[in-house]
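Okay, structure first, notes after.
The values are calculated or read from the model by the stated rules, or taken from the named source; none is laboratory data. This one's a predicted model, so the numbers in the text were calculated from it and none came from an experiment. Side chains included, ligands, DNA and RNA excluded: accessible areas come from the protein's heavy atoms. Shrake-Rupley method; radii C 1.70, N 1.55, O 1.52, S 1.80 Å.
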Amino acid sequence: MVDAIRAELDGLDSGDTADVSRRAAASRADHVVADAAGARGRDRGAYRALSDRTGPQRVAVAVRSSATCERLSDASFAGEHDSYLWVRGDESVLESVRRLLASLFTDRAVSYRVP
């Protein structure tokens, strides 16, 4: 999957908004449909373990990303990726994780990472 996304974004011109949009959509599709059964099982297990420690009701969680840098002298990464708050239940958490990962490939996020 990583190689497919790299190939899709190779040579991207961030000034060509139509091309950014097309390639970002293709990368999102590649990522969203990727087989992540292992990660889904791990995420489901972690959520269930947290819920078991907090009581009988499923605990509300935030599903969010932290950029590798919070702020540089010439760039800020705040708000680059989606965040989901007050998410409850196994399937809702898994869907939010999937949507969060897909947000790595919005037009805005892709353009921001291209030099």
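The 1.4 Å probe gives accessible areas that order GLU91, GLU80, largest first, as GLU91, GLU80. When nucleic acids and ligands are ignored and a 1.4 Å probe is applied, ASP10 ends up with an accessible area of around 120 Å².
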